[in-house]
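The values are calculated or read from the model by the stated rules, or taken from the named source; none is laboratory data. Just so it is clear, the structure is predicted and the values come from calculations on it, not from any experiment. When we count neighbours, we look across all protein chains shown, and the Cβ atoms used for this are built from the backbone with ideal geometry, even at glycine. Side chains are part of the model used for accessible areas, which takes the heavy atoms of the whole protein and leaves out ligands, DNA and RNA. Shrake-Rupley method; radii C 1.70, N 1.55, O 1.52, S 1.80 Å.
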Amino acid sequence: MHILKRETYDAIVVGSGISGGMAAKELCEKGLKTLVLERGRPLTHGVDYVTEHKNSWEFDYRNGGPTPRMQEEYPYIARTGYAIREATEHLLLKDADNPYIEEKPFTWVRGGRVGGRSLLWGRQCYRFSDMDLRANEVEGNGIAWPITYDELAPWYSYAERFVGITGEKLGLHQVPDGEFLPPMEMNAAEKGLRKAVEQTFPERNVTIGRAAILTENHNGRAKCHYCGPCIRGCSTASYYSSPGVALPAAERTGNLTVRPNSLVRQVFYDAETNKATGVELIDTETMEVFELRANLVFLCASTLASTQIMLNSTSSRFPNGLANDSGTLGHYLMDHHFQVGASAEFPGKWTDRYYQGNRPNGLYIPRFRNISPETKMRDFVRGYGFQGGGSRPSWGRGSRDVGFGAEFKRNLRNDPGPWAINLLAFGETLPRFENKVTLDENETDIYGLPLLRISADWGPNEFAMREDMKNTAAEMLEAAGGVNIQQYDNYTPGGYGAEVGLGIHEMGTARMGKDPRTSVLNGYCQAHAVDNLYVTDGSFMTSAGCQNPSITYLAMTARAVDHAVQQMA
């Protein structure tokens, strides 16, 4: 083992994605010499988005996917049906070289470059409400959050002002307003749905998505020009990513060092000082092993990766994993359950209206179940929101419509076809002890890290909620005049289609709480038992909410760094 001695590393951040980028920026701006370790390959913002504006016909398979080769090399990610294409393969971690064990079906999507999944995320940003942060305590599910909305709200504002969030203020308690740039415009079909839904169902609101995409120039970044292929990388940094925004801000301080191809196997712990002292890493190119030292460690490797590192960081003090006095490390795995909703066609409606460009956003219908005595459900607790949008099929429908010849092609070009709307639900998952990850006792990967065993499934509350999701989606589409309404639920017991992990919002395996006997972290994402260890990716989540979680990770990371630096002082 090589020991790299560099006394100027005040902090080590493991991971360079949503949380890691923000941690690096905050630590560097507060004057700490910071080393960011990323298991993925290097990436230079703008330069390495090699497929950003590549036309479909320039790819061997017309940007199809997953191809048979991709299914072999990316057997987990290929299940998503959308995360991997020829245009995105170079941004992902190859599953074949990084396996895990599924006790129950679980799809784990992992980024493979500096920036992680911040290059690939959907960019939707919704605050948790006080109702979300109190739900566990009120209902008796899980444990109480150790933080209130009033404590978190200033950090939401701080993160939103840095990131740049487009959105519409609604004044709803279940999805608090934030610091918004001007909202994007909804198209004709979405406006029609909004009018019908709000007339028929006054407790429901249809709005444009709140997204980390600029609608006006912001902090030196250009506003979005609606080119569309966001998942390939954004060279103008019009959408927020770690390589495009956070890491450059950290680099400008002169305090940042980024080391790619660096897989962290464990965090070192000193029983005499009761502190983390650094990490062990493997260079994934040379297979050399290094030991790095620092005064402060932030784990931001993603929920399951950070938990895997902690479980593998054993000692006489922590035989079951670092900071795992409570025995809850690895348990209470959550995700958002989705792949359920409804779609409809609207022939003859709004036919004089179309749209231009590729708006990188959709509509959003905030939670409307269990938010008041009038909306309380008997069959399930918590709630769900809808994402989706209206569109016209344009000439692409020629691949399935009957016809041929010049007249057929002319009609496809001149008539974009009828409007359609899809409503896709995202629902909250209850924290359950039996939804867990553990380390396999026998199998390791090529780097010597024990394979992660994952066992998680939806419970009765989620299944009852899914039935309601289908029905409310259909009734809203019907109220707007939709026809050929198709309800769907892709869940297959014991199979793939709507399994845990597919929402790509995995969270909860090192939860925060007030009591060290029932939680791993305190309200600042600081380990109860190791006070210079912080975990600020989705691991800390005590409940899931139904909102996309990334803006919560960003806010909590900034708050955690502020606390850590004060503690060091």
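Would you point out the residue of the range 352-385, among those that are of a type in the set (Val, Ile, Thr) and out of contact with any strand residue (DSSP E or B) (no Cβ under 6 Å at 6 or more places or on another chain), that is nearest to SER129 (Cα to Cα)? Before the answer, list the steps.
The first filter runs over the range 352-385 and keeps only residues of a type in the set (Val, Ile, Thr), leaving 365, 371, 375, 381.
Pick out the ones that are also out of contact with any strand residue (DSSP E or B) (no Cβ under 6 Å at 6 or more places or on another chain) and you get 371, 375, 381.
Working: ILE371: 11, THR375: 17, VAL381: 16 Å.
Among those that are of a type in the set (Val, Ile, Thr) and out of contact with any strand residue (DSSP E or B) (no Cβ under 6 Å at 6 or more places or on another chain), it is ILE371.
Only residues that are buried (at least 24 other Cβ atoms within 10 Å of the Cβ) and touching a His at 6+ places or on another chain (Cβ under 9 Å) were counted in the range 164-218, giving 1. Selection within the range 414-433: residues that are of a type in the set (D, E, K, R) and either in contact with a Gly (Cβ under 7 Å, 6 or more places away or on another chain) or in a strand (DSSP E or B) (or both). The member of this set that is surrounded by the fewest Cβ atoms within 10 Å (Cβ to Cβ) is ARG432. Out of THR200, THR166, one residue alone is among the hydroxyl-bearing types (Ser, Thr, Tyr) and touching a strand residue (DSSP E or B) at 6+ places or on another chain (Cβ under 9 Å). It is THR166. Screening the candidates ASN471, ASN411, ASN461 for the property of being within 30 Å of GLN356 (Cβ to Cβ), open to solvent by 20 Å² or more (accessible area, probe 1.4 Å) and part of a helix (DSSP H, G or I) yields one hit, ASN411. In the range 434-447, the residue that is farthest from ASN461 (Cα to Cα) out of those that are hydrophobic (A, V, I, L, M, F, W, C) and open to solvent by less than 100 Å² (accessible area, probe 1.4 Å) is LEU439. Being polar (S, T, N, Q), more than 25 Å from VAL245 (Cβ to Cβ) and open to solvent by 10 Å² or more (accessible area, probe 1.4 Å) is not true of ASN136.
Determine whether the range 49-71 contains at least one residue that is under 23 Å from TYR447 (Cβ atoms), open to solvent by 20 Å² or more (accessible area, probe 1.4 Å) and in contact (Cβ under 8 Å) with a residue 24 or more places away in the chain. No - not one qualifying residue is present in the range 49-71. Scanning the range 524-569 for residues that are at pLDDT below 95 and of a type in the set (A, V, I, L, M), we see that the one that is farthest from the chain's Cα centre (by Cα) is ALA569.
On the stretch given as the range 326-339, residues that are within 16 Å of PHE433 (Cα to Cα) and buried (at least 19 other Cβ atoms within 10 Å of the Cβ) total 9. So, in the range 100-153, of the ones that are part of a loop (DSSP other than H, G, I, E, B) and aromatic (Phe, Trp, Tyr), which residue ends up nearest to GLY20 (Cα to Cα)? Per the criteria, the residue is TRP121. Within the range 329-336, the presence of at least one residue that is under 23 Å from the mean Cα position of the chain (by Cα) and either modelled with pLDDT under 95 or not in a loop (DSSP other than H, G, I, E, B) (or both) is confirmed.
Out of the residues in the range 238-259 that are open to solvent by less than 30 Å² (accessible area, probe 1.4 Å) and part of a loop (DSSP other than H, G, I, E, B), state the one that is nearest to GLY115 (Cα to Cα). Before you say what the answer is, go through the steps one by one.
Pass one, the range 238-259, residues open to solvent by less than 30 Å² (accessible area, probe 1.4 Å): 238-247, 249-250, 255.
Now restrict to residues that are part of a loop (DSSP other than H, G, I, E, B): 238, 240-241, 255.
Details: SER238: 15, TYR240: 11, SER241: 7, ASN255: 18 Å.
Step by step, filter the range 238-259, then rank; the result is SER241.
Figure legend. Inter-residue proximity from the range 105-134: first residues on the phi > 0 side of the Ramachandran plot, second residues part of a loop (DSSP other than H, G, I, E, B) and of a type in the set (A, V, I, L, M), beta-carbon distance below 8 Å, spacing 6+ or different chains. Indicated pairs: GLY115/LEU43; ARG123/ALA212.
Restricting the first member to the range 434-462 and to residues that are modelled with pLDDT of 95 or more, and the second to residues that are of a type in the set (Gly, Ala, Ser), the beta-carbon pairs closer than 6 Å and six or more apart or on different chains are ASN435/ALA456; LYS436/GLY330; LYS436/SER455; VAL437/GLY330; THR438/GLY330. Within the range 395-408, restricting attention to residues that are part of a helix (DSSP H, G or I) and modelled with pLDDT under 80, the residue that is most open to solvent (accessible area, probe 1.4 Å) is TRP395.
Taking the criterion of being part of a loop (DSSP other than H, G, I, E, B), touching a Gly at 6+ places or on another chain (Cβ under 7 Å), open to solvent by 50 Å² or more (accessible area, probe 1.4 Å) and within 30 Å of GLY497 (Cβ to Cβ), would at least one residue in the range 79-88 satisfy it? For the range 79-88, residues part of a loop (DSSP other than H, G, I, E, B), touching a Gly at 6+ places or on another chain (Cβ under 7 Å), open to solvent by 50 Å² or more (accessible area, probe 1.4 Å) and within 30 Å of GLY497 (Cβ to Cβ): present. TYR158: of a type in the set (Phe, Trp, Tyr), surrounded by 22 or more Cβ atoms within 10 Å (Cβ to Cβ) and within 23 Å of LYS223 (Cβ to Cβ), yes or no? Answer is no for this residue.
Taking the options ARG353, ARG382, ARG369, name whichever one is open to solvent by 20 Å² or more (accessible area, probe 1.4 Å), at pLDDT 95 or above and in a loop (DSSP other than H, G, I, E, B). Full working, then the answer.
Numbers: ARG353 fails: at pLDDT 95 or above; ARG382 fails: open to solvent by 20 Å² or more (accessible area, probe 1.4 Å).
Unique residue meeting the criteria: ARG369.
Filtering ASP531, ASP515 for residues that are within 21 Å of TYR332 (Cβ to Cβ), out of contact with any strand residue (DSSP E or B) (no Cβ under 6 Å at 6 or more places or on another chain), open to solvent by 20 Å² or more (accessible area, probe 1.4 Å) and not in a helix (DSSP H, G or I) leaves a single hit, ASP515.
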